[in-house]
Amino acid sequence: MKKKTFFLIALFLGMLLAFPVIGCGGDEGGSENSGNNNGGNNGDDESAFTADNWQSTLADKYGFTLTVPEGWTFKEGKRQTDISDSVQFTIESDDFDTASTAFIQHVFDLTAEVSDEYGNFENMENGLPVTITDVPDIMGVMMPIWKFTSGGDIIQIDIGTSASSQMAQIYLVKTGAKTW
């Protein structure tokens, strides 16, 4: 019961964090030179990521190096809470649907690669992850959400996309410690 309540809270937090992505518009930020280190928020806010530190900051906290497909540029990122972060990326593409699906698939594959023997999973059942077996089903929902393990932690990842601003936003939330 306790695990189910914690999961529901984490799921609600992830969905709540995604609402700013829907219908976002505005500045595209960054240049087209690299998908991993340009544009972005360079303010004095300690909770903000910059184009120069977003990868190392996430790697330190979540235990893996996040990369994005070529053509995507870092826009901004922010520490949401002690257990969650969000990062935004933009792309200029005539076919945003294809580009965003490739983005989601890339992140999905990356998290499956760094996770342990179970790879990516949706939920917990009897103390073990319920594995995701059909990746296209994940790509077919408005906001893909899954979990993976890294460095002994269970991490939930949510991805929101916006065709109007050609943006993708990744939310990472530590939902607990791996116990299996």
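Structure notes:
- Region 65-104 - charge dipole about Cα centre, Lys and Arg +1 at Cβ, Asp and Glu -1, debye rounded to 20: 260 debye
- Descending principal axes extents, region 60-174, alpha-carbon based, whole Å: 45, 31, 20
- Using the Cβ of P129 as centre and a radius below 11 Å, the other residues enclosed give a net charge of -2, where K and R count +1 and D and E count -1.
- Net length gained if the chain between S56 and Q105 were fully extended (0.36 nm per residue, minus Cα distance): 15.5 nm
- Remark: relative contact order (region 67-180) = 26 percent; criterion is Cα-Cα distance under 8 angstrom and separation of 6 or more residues.
- Stretch gain in nm, segment T81-K178, where the contour uses 0.36 nm per residue and the Cα spacing is subtracted: 32.9 nm
- Proximal charge balance of S150 [Cβ under 13 Å; K/R count +1, D/E count -1]: 0
- Under-5 Å amide H pairs with Q80, H placed in peptide plane, nonlocal only: D85, S86
Each value in this text was obtained by applying a stated rule to the coordinates, not by laboratory testing. Source: prediction; values computed, not measured. Every residue, glycine as well, gets a Cβ built from its backbone with ideal geometry; the counts of neighbours run over all protein chains shown.
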